[in-house]
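Working notes, structure below.
The values are calculated or read from the model by the stated rules, or taken from the named source; none is laboratory data. Everything quoted here is computed from the prediction, not taken from an experiment. When we count neighbours, we look across all protein chains shown, and the Cβ atoms used for this are built from the backbone with ideal geometry, even at glycine. Remember, those area values only see protein heavy atoms, side chains included, never the ligands or the DNA or RNA. Shrake-Rupley method; radii C 1.70, N 1.55, O 1.52, S 1.80 Å.
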Amino acid sequence: MTHRILILGGTTEARQLAGNLAATGHSVMLSLAGRTESPVAQGVPVRSGGFGGAEGLAAYLRETGTDLLIDATHPYAARISANAAQAARMAGVPIVALRRPGWEPVEGDRWTEVDTTGDAVQALGSAPRRVFLALGRQEVAAFEAAPQHHYLIRSVDPVEPKLAVPDATYLLARGPFREAEERALLERHGIDIVVSKNSGGAATYGKIAAARGLGLDVVMVRRPALPEIPSAATVDQLANMVDHLVEPAAERGV
Ligand code: NAP
């Protein structure tokens, strides 16, 4: 059966899911925040930019006759996930999340887990270190509070304005990043500590595996709290759930 599905994206999995559901005959719209300057081509209809909070998203769901809302945003995009849960309730539309599991530390990992990027800055300590920041461009600003370190900063879009610190190197790159390349990067820049989000998945795990192999410290920023809604861990699992999640429109009183 064809359903009208809105996918909140901004992740590789959201793109894969959109393609997968469109290929099985669903009417799919992929929504992006519009932050990245050159999003990778999607192959399905895309809308871009915020909805105007939960109310705006609820109105969009009603206006478009959406049957199912899928929250496939990044695990650190907490605001849109909270809005999505609230909007689905307001509009009476079923919602499901695609949540990739976080990474767990394994033998040899030297992780310090913290709750916020501000805590990550503190965790670097006062002595100068050579730090790899594998964080979004919005999050790196917090590190201006610790200008004594050398920073290697990798982002998808340029960090503008640059950090007000004396010693920073910028790299532009989009994953996936393999372990061997990450290891070479960490060695080339003499990095001794990595700051990362616990994104989960394979695409950005290379730096974590590389840090373990080199015996480097990792400051891992924990995931934020997310709304409790039904969820799937993989694209295939979620795609298989879709028909069970959508009630026929007549039963929803649409
Ligand atoms: P956020 O703080 O949770 O959301 C901020 C606002 O951006 C939301 O209130 C919403 O605006 C808008 N927004 C976010 N995602 C949207 C989407 N998929 N479609 C339409 N509007 C959206 O989000 P964020 O952490 O800035 O992340 C922005 C986007 O980048 C997300 O799509 C996320 O999946 C992706 N991303 C984030 C990270 C990360 O680490 N945070 C990493 C990789 C990719 P309105 O309230 O006006 O609707």
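Some points to look at:
- Mean-position separation - Cα centroids, region 166-215 and region 51-126, in angstrom: 24
- In order along region 133-149, phi translates into HN-Hα couplings of 9, 9, 10, x, 5, 6, 8, 6, 4, 4, 7, 4, 5, 10, x, 6, 8 Hz, rounded to whole numbers, per the Karplus curve 6.51 cos²θ - 1.76 cosθ + 1.60 with θ = phi - 60° and x for Gly and Pro.
- Table column - 3J(HN,Hα) (Hz), region 90-100, Karplus curve with 6.51, -1.76, 1.60, x for Gly and Pro: 4, 8, x, 10, x, 10, 9, 10, 9, 10, 6
- Remark on Ala33: its backbone amide H falls under 5 Å from those of Gly49, a criterion applied only to residues 5 or more positions apart or on other chains, H modelled at 1.01 Å from N.
- The Cα-based radius of gyration of region 111-221, divided by its Kirkwood radius, gives an Rg/Rh of 0.92.
- Within the accessible area of region 65-203 (1.4 Å probe), percent carbon and sulfur: 51
- Ordering of 80-90, 162-172 by burial proxy (mean other Cβ atoms within 10 Å per residue, highest first): 80-90, 162-172
- Less than 5 angstrom separates the built amide H of Val221 from those of Val114, Ser196, Lys197, Asn198, all sequence-distant by 5 or more or on a different chain.
- Cα centre as origin, Lys/Arg/Asp/Glu Cβ charges: region 100-200 dipole, Debye: 300
- The coefficient of translational diffusion for the chain, derived via Stokes-Einstein from the alpha carbon Kirkwood radius under 4 °C and 1.567 mPa s, stands at 66 µm²/s.
- Helices in the chain, meaning DSSP H runs of at least 4 residues, each add -39500 (n - 2.57). Divided by all residues, the mean residue ellipticity at 222 nm is -9000 deg cm²/dmol.
- Computed with every protein chain present, the accessible area of Ile7 is close to 0 Å² [probe 1.4 Å].
- Only protein heavy atoms count here; on that basis, with a 1.4 Å probe, Leu238 has an accessible area of about 0 Å².
- Net dipole in debye of the chain [+1 Lys, Arg Cβ; -1 Asp, Glu Cβ; about Cα centre; nearest 20]: 340
- For Gly201, no residue whose modelled amide H falls within less than 5 Å of its own remains once neighbours fewer than 5 places apart on the same chain are excluded.
- Couplings for region 165-180, taken from phi via the Karplus curve 6.51 cos²θ - 1.76 cosθ + 1.60 with θ = phi - 60°, read 9, x, 9, 9, 10, 10, 10, 10, 6, 10, x, x, 10, 8, 4, 4 Hz in order; Gly and Pro are left as x.
- Leading residue at positive end of dipole, region 111-221 (Cβ point charges), from His149, Ala202, Gly136: Ala202
- Once all protein chains are placed together, Glu139 keeps about 50 Å² accessible to a 1.4 angstrom probe.
- Lys/Arg +1, Asp/Glu -1 at C-beta; region 17-159 dipole; positive extreme among Ala85, Ala123, Gly43: Gly43
- Probe 1.4 Å, protein heavy atoms only - accessible area per residue of the chain in square angstrom: 48
- Placing pseudo-labels 7 Å out from each Cα toward the beta carbon at Ala173 and Thr2 gives an inter-label distance of 4.3 nm.
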